Amino acid sequence: MDTARSINMQKRRERILTEARTIIAERGFEAFNLRDLAERSALTVPTVYNLIGNKDEILKALILGAFADFETEFGKHPPVPARELPVVITGILVALTSGQEDYFRATALASERIDNPQELLGKSGVLRTSYGNIANKLVEEALAANLLLGKISREMLVEQMVATCQLAFRDWAYRIISTEELRKASLKGFYIPLAADATESFHAEIANRLQAL
């Protein structure tokens, strides 16, 4: 009985989040409210609140789900040399956003509307958390492969990568740039910080890759 109840609760929770994504993606934040969400989910407002929480908690759940998808897809990818990781990372991002544009736009915009995101998502939000983990892996592997000199701290390189990619993703969410421009901007966001600490040969390789963009 407990298992059946848990499964039913999870299904209702997923239905709520699906409807929330649809409302935000189609109508914007002004149309997003718990009463409308409950009606579209065929539930009551107290049920929505008990299953997930208030509007802020629903937005947080959307964001966490979106970028959990990103990290899951990255984890599935076969290992590649460090120099190829930027291409893999941006490729996954573009594939996900192209396949679920409304979903990812909604969650990107939602991340700017929640109160105190640091409480749940860590410093500067979930995009920074997800990208930070992956950018840190990139820098670690580049150091291990002797592609970097190690003169610039890993933390500084990661911070610059994440900040640039976050800005590009925000511009994409607001339709300022296209998906292809998002890909190029994200690649630059990884390549340029790497170039600042790259060995001579890797620096030349990065310069060629940037020129090709």
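The values are calculated or read from the model by the stated rules, or taken from the named source; none is laboratory data. Keep in mind it's a predicted model, so treat the numbers as computed, not measured. Note that we place each Cβ from the backbone using ideal geometry, even for glycine, and neighbour counts take in every protein chain shown.
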Q | Val87 being over 22 Å from Thr107 (Cα atoms), assigned to a helix (DSSP H, G or I), among the β-branched types (Val, Ile, Thr) and under 20 Å from the mean Cα position of the chain (by Cα) | A | yes
Residues of the range 149-181 being among the polar types (S, T, N, Q) and in contact (Cβ under 8 Å) with a residue 12 or more places away in the chain, in sequence order, are Gln160, Thr164, Gln166, Thr179
For the range 39-52, the count of residues that are free of Cβ contacts under 8 Å to residues at least 12 places away in the same chain and either surrounded by 14 or more Cβ atoms within 10 Å (Cβ to Cβ) or part of a helix (DSSP H, G or I) (or both) equals 4
- prompt: Would it be correct to say that Ala212 is within 15 Å of Asn136 (Cα to Cα), free of Cβ contacts under 8 Å to residues at least 40 places away in the same chain and surrounded by fewer than 19 Cβ atoms within 10 Å (Cβ to Cβ)?
  reply: no
Taking the range 75-103 and keeping residues more than 22 Å from Ile206 (Cα to Cα) and of a type outside the set (Lys, Arg) leaves Gly75, His77, Pro78, Ala95, Leu96, Thr97, Ser98, Gly99, Gln100, Glu101, Asp102, Tyr103
Within the range 185-192, does at least one residue satisfy the condition of being charged (D, E, K, R), closer than 16 Å to Ile89 by Cβ and part of a helix (DSSP H, G or I)? yes
By residue number, the members of the range 135-186 that are of a type in the set (D, E, K, R) and closer than 23 Å to Ala106 by Cβ are Arg170, Asp171, Arg175, Glu180, Glu181, Arg183
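Rundown of residues vs (1) under 23 Å from Leu96 (Cβ atoms); (2) modelled with pLDDT of 95 or more; (3) among the small types (Gly, Ala, Ser); (4) within 20 Å of the chain's Cα centre (by Cα), yes/no style:
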position: Asn146; (1), (2), (3), (4): no, yes, no, no
position: Met161; (1), (2), (3), (4): yes, no, no, yes
position: Leu167; (1), (2), (3), (4): yes, no, no, yes
position: Arg175; (1), (2), (3), (4): yes, no, no, yes
position: Leu182; (1), (2), (3), (4): yes, no, no, yes
position: Tyr191; (1), (2), (3), (4): yes, yes, no, yes
Checked Phe104, Phe32 against criteria (assigned by TED's automatic domain parsing to the domain that holds Thr199, closer than 25 Å to Ile176 by Cβ and either among the hydrophobic types (A, V, I, L, M, F, W, C) or surrounded by fewer than 16 Cβ atoms within 10 Å (Cβ to Cβ) (or both)); the one match is Phe104
Evaluate the range 60-81: report whether one residue or more is among the polar types (S, T, N, Q), outside the structural domain of Pro193 (by TED's automatic domain parsing) and without any contact (Cβ under 8 Å) to a residue 24 or more places away in the chain.
no
Going through the range 63-80 in order, the residues found to be touching a helix residue (DSSP H, G or I) at 6+ places or on another chain (Cβ under 7 Å) and in a helix (DSSP H, G or I) are Ile63, Leu64, Gly65, Ala66, Phe67, Asp69, Phe70, Glu71, Glu73, Phe74
